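Colleague: I'd like to ask some things about the structure below.
Coordinate-derived values only; no laboratory data. Given the structure is predicted, the values throughout are model-derived calculations rather than measurements. Cβ placement follows ideal geometry from the backbone for every residue including glycine, while neighbour counts extend to all protein chains displayed.
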Amino acid sequence: MWNQIVPQPRTIRPASGRFTVTASLRVVLPDSEDSRWVRRINDAASRLLSLPFPLLTVVGSETTDALESTLLIEDSAVPASSTPADGYELLVTSSDITIRCASTAGRAHALATLTYGLLLSGDRSLPAVHITDTPVSPWRGFMLDVARHFFPIESLHHILDFLWLLRLNRFHLHLTDDQGWRLPVPGYPRLTEIGGTRPAGTSDDQWTGGSYEATELREIDRHAEALGIVVVPEVDLPGHASAALAAYPELSCSGAQHRVETRWGIFPAVVCAHSSEVRNFLTEVYRTLTEIFGGEFIHVGGDEVPTKPWEECPHCSALEDPYQTIVGVMAEEVIAAGRRPIAWDEASALDLPAETIIINWRGPEGAMNALRRGYDLILAPERRATYLDHRHRDSPLEPGRLGVCTVNDSSSFAPEPYVQTHRTGEPASGTIIGGQANLWTEGVRFHREVEYMAFLRLAAVAQGLWTGAPGSDAERFTDSLQTLRDRLRYAGYAVYPGSFE
Ligand code: ACM
Ligand code: ZN
């Protein structure tokens, strides 16, 4: 049973006996330890398992001798050998369960594996086992575009449950785009008032308005943290700025009125690369993000930037390279705010601060160039691997856009093998830190469609990110994915039901 877990844990040693979960596991914590994470993990597990009792309850720091159903969490003990911070050990015997971990993330991953075990077992009876596990890739992510369509905060919580189950650790929120601005920024109320809703007449406009409250996003961030997940907020500039410019036309070069886009595509809506108003705006945006989100990273965007407005601007056209200037300012602002900047692929051609991370989506040649330029790299290949807006199959009956990406395509992806054949003798000082799957939502309007488009292929991607080696036992992995799909359907998820090929 345990070997059906996705992603596959590193070592699984079966033992004799079984532990049956008949009541809440009593979590024994040191007095000093914050117990709020227990409720948060319990909430996620409850939604996935529908147990008739809470999976976890806190019983304080008393000795555990007299207690049944004990879950011992040994936080201080670094697991054997060189297990990095995100690793864990899970020991299930017929009398109790022990978790050893060295970090919040390790603890969250251990509890995810335990929960996955319960999801697989059906009757809450777990075969005794000793699992030691650690991920290969430090960055294992999922990006959701909440700009093209707005997803309510409940949707984000629900998605976090699933990321947690798969031991993913980054939730990238694409918060702004031409078709919507979802982030409240103090001092700039029109961003969400005007930029948050598409004009009347859009075919699907009744579904597309909305923005988050800062308190809601903060709660997502805290909840994610307890689940071992870092939220990575993205405000996509200097391009993809129609919604921002509809709200504040003075941020553009010409000052001309823009409108929140009702079409999909790439538009010449860019912020001025020279203006001090834009710089002040960026400072406020990144200040807002650091106040809401506690994680290390801020994504500045940088993709698909038409340069025509800059060529027509007397100030920008006097700059040697307006794209370099404005993305450089954005990265520096993020660093000044105490965070690490991330930018899309296109910006890897620029000279950005050395700590900038690039997300490559256009192919392995560009990935290698970014590595040679010294950037740390996240891989999110558009072509047949991690773009989950693409169709599951080449059929007019399948929802999706712009391409096909089968479950097996996603199962075949892992970061290092993806660039391997493009590695040459040339030195590449950057490091591949992992990968992520992206769900763009031009064609995804409802939460159920997120489940359909993302969940199964995301599980496939999680395997390659965790183990670093996809496809080593394809038949067994297919079987594991099918089992996961069955359990998720039973739990009420709208997962894709069709062929993997
Ligand atoms: C992207 O797909 N434009 C990042
Ligand atoms: Zn300008």
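Colleague: How big is the dipole moment of the chain about its Cα centre under a simple scheme where the beta carbon of each Lys and Arg is +1, that of each Asp and Glu is -1, and everything else is neutral? Debye, nearest 20, please.
Modeller: 1100
Colleague: Given labels modelled 7 Å from the Cα in the Cβ direction, how far is it in nm from E277 to A85?
Modeller: 4.2
Colleague: How much length is gained if the chain between E193 and L51 is pulled fully straight, taking 0.36 nm per residue apart and subtracting their Cα-Cα distance, in nm to one decimal?
Modeller: Stretched fully, the E193-L51 segment lengthens by 47.0 nm.
Colleague: State the answer as a single residue: which of P186, W344, S317 lies farthest towards the positive end of the charge dipole of the chain, with beta carbon charges of +1 for Lys and Arg and -1 for Asp and Glu, about the Cα centre.
Modeller: Value computed over the given set: W344.
Colleague: Lys/Arg Cβ at +1, Asp/Glu Cβ at -1, dipole of the stretch 223-346 taken about the Cα centre: which of L245, I335, V270 is farthest positive-ward?
Modeller: It is L245, whose Cα lies furthest towards the positive end.
Colleague: Let me ask something else. Of V136, H392, G363, which is farthest on the positive side of the dipole of the chain, counting Cα position, with +1 on Lys and Arg Cβ, -1 on Asp and Glu Cβ, and the Cα centre as origin?
Modeller: Farthest along the dipole direction, towards plus: H392.
Colleague: Hey, got a sec? Which GluC sites (Glu not before Pro) in the stretch 355-417 land in a DSSP loop and have at most 16 other Cβ atoms within 10 Å?
Modeller: Working: sites: E355, E365, E382; in loops: E355, E382.
When the GluC sites (Glu not before Pro) of the stretch 355-417 are filtered for loop state and at most 16 Cβ neighbours within 10 Å, E355 remain.
Colleague: How do 51-59, 405-413 rank on mean C-beta neighbours within 10 Å, highest first?
Modeller: Per-residue Cβ counts within 10 Å, averaged per peptide and sorted highest first, yield 405-413, 51-59.
Colleague: With all distinct Cα pairs included, what does the Kirkwood hydrodynamic radius of the chain come out to in Å, to one decimal, could you say?
Modeller: 23.5
Colleague: Cut-off is 10 Å between beta-carbons; in what order do V461, V300, V329 appear when sorted fewest neighbours first?
Modeller: Ordered by Cβ neighbours within 10 Å, fewest first: V329, V300, V461.
Colleague: Quick one: length gained pulling R218 to S103 fully straight, 0.36 nm per residue minus the C-alpha distance? Intermediate results must be reported in sequence, preceding the final value.
Modeller: Values: separation 115, 0.36 × 115 = 41.40 nm, distance 2.14 nm.
That works out to 39.3 nm of additional length.
Colleague: For the pair T93/I266, report the inter-label distance in nm, with labels modelled 7 Å from Cα in the Cβ direction.
Modeller: Label-label distance for T93 and I266, simple model: 6.1 nm.
Colleague: Using amide H atoms built in the peptide plane, which far-off residues or other-chain residues are under 5 Å from G196 H to H?
Modeller: Correct list: W181.
Colleague: With labels modelled as points extended 7 Å from the Cα through the Cβ direction, what inter-label distance (nm, one decimal) is found for A256 paired with R372?
Modeller: Here the modelled spin labels are 3.9 nm apart.
Colleague: Another one. Given contacts defined as C-alpha pairs under 8 Å and at least six residues apart, what's the relative contact order of the chain, whole-number percent?
Modeller: Relative CO of the chain lands at 14 percent.
Colleague: Let me ask you something else. Let me have the 222 nm mean residue ellipticity of the chain computed from DSSP H runs of 4+ only, each contributing -39500 (n - 2.57), with the sum over all residues rounded to the nearest 500.
Modeller: The per-residue figure over the chain is -10000 deg cm²/dmol.
Colleague: Once R0 is set to 51 Å, what does the formula 1/(1 + (r/R0)^6) return for the Cβ-Cβ distance between N3 and T290, expressed as a FRET efficiency to the nearest 0.05?
Modeller: The computed FRET efficiency comes out at 0.75.
Colleague: Could you please rank Y387, Y490, placing first whichever residue has the fewest other Cβ atoms within 10 Å of its Cβ? Present the calculation step by step, with values, prior to reporting the outcome.
Modeller: Values: Y387 24, Y490 11.
By the 10 Å Cβ count, ascending: Y490, Y387.
Colleague: Ranked highest first by the average count of other Cβ atoms within 10 Å around their residues, in what order do 415-422, 269-276, 172-179 fall?
Modeller: Those peptides, ordered most packed to least, come out 172-179, 269-276, 415-422.
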